[in-house]
Amino acid sequence: MAENMQPDNLDRGILIALMDNARTAYAELAKQFNVSPGTIHVRVEKMKQAGIIKGTRVEIDPKQLGYDVCCFIGIILKSAKNYPSALARLEALNEVVEAYYTTGHYSIFIKVMCRSIDALQQVLINKIQTIDEIQSTETLISLQNPIMRTIIP
């Protein structure tokens with residue numbers, strides 16, 4: 001594994017192109033960057049081994065699947081030692097799509113997707129607030145997501 005790999009301009013160009021369309025053929029990238037397809041393959045493999053490229057995925061629009069409510073929930077744990085068990089319980093909930101261990105007021109900050117406000121209420125009452133390790137929660141409902149991007153290499 002190539003630790004602390006510093007991508008050069010070609011690597012950054014490949015990353016940007018793959019971020020735009022991860023299905024772009026290496027031959028097409030090779031033409032775009034005026035190198036051989038083998039060079040593209042080697043560069044991509046090196047970035048995978050270095051952990052820069054963690055995988056590829058299909059991007060889903062939750063609203064198209066009926067998930068109209070996005071919210072963020074700040075969680076205060078009863079004790080810091082409860083973090084691993086609380087996290088395991090939260091990870092088991094399909095509605096929890098992201099979780100962060102944070103500093104400041106909240107111990108854990110999670111992103112939750114639900115089909116409706118009623119569904120969110122059920123998740124809060126019957127799932128999240130039944131986790132013994134949780135002292136309290138604060139829910140912030142997202143009205144829109146005007147900026148959504150990843151880091152540009």
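Quick notes
- Cα centroids of the stretch 124-153 and the stretch 82-97: 12 Å apart.
- Ranked for footprinting exposure by Cβ neighbours inside 10 Å, fewest first, Ile125, Ile134 give Ile125, Ile134.
- Residues in the stretch 97-108 carry Karplus couplings, in order, of 9, 8, 8, 9, 8, 10, 9, x, 5, 9, 7, 9 Hz; the curve used is 6.51 cos²θ - 1.76 cosθ + 1.60 with θ = phi - 60°, and Gly or Pro positions show x.
- One entry in [x] 16.1, 50; [y] 20.3, 58; [z] 19.3, 63 is Rg and Dmax of the Cα atoms in Å calculated from the shown coordinates; its label is [y].
- Amide proton proximity set for Thr24, modelled H, under 5 Å, gap of 5+: none
- Which of Leu90, Ile75, Ala25, positive extreme of dipole for the chain (C-beta unit charges): Ala25
- Rounded to the nearest 20 debye, the dipole magnitude of the stretch 12-51 is 100 debye, with +1 charges on Lys and Arg beta carbons, -1 on Asp and Glu beta carbons, and the Cα centre as origin.
- Taking the chain as the region of interest, the number of lysine pairs whose Cα atoms are within less than 29 Å, with members eight or more places apart or on different chains, is 14.
- Residue ranges 36-42, 141-147, 118-124 sort as 118-124, 36-42, 141-147 when ordered by packing (mean number of other C-beta atoms within 10 Å per residue, highest first).
- Positive dipole terminus of the chain, leading residue within Met5, Gly38, Gln49 (C-beta point charges): Gly38
- About the Cα centre, charge dipole magnitude for the chain (Lys/Arg +1, Asp/Glu -1 at Cβ), debye: 220 debye
- Rounded to the nearest 20, the size of the Cβ-charge dipole of the stretch 62-142 about its Cα centre is 80 debye, with Lys and Arg at +1 and Asp and Glu at -1.
- Exposed loop sites, defined as trypsin sites (Lys or Arg not before Pro) outside DSSP H, G, I, E and B with at most 14 other Cβ atoms within 10 Å, are absent from the longest region of the chain, namely 79-114.
The numbers here are math on the coordinates, done by the rules we state, and not lab data. As the structure is a computational prediction, the values presented were derived from the model and not from experiment. Virtual Cβ from ideal backbone geometry, glycine too; neighbours counted across all protein chains shown.
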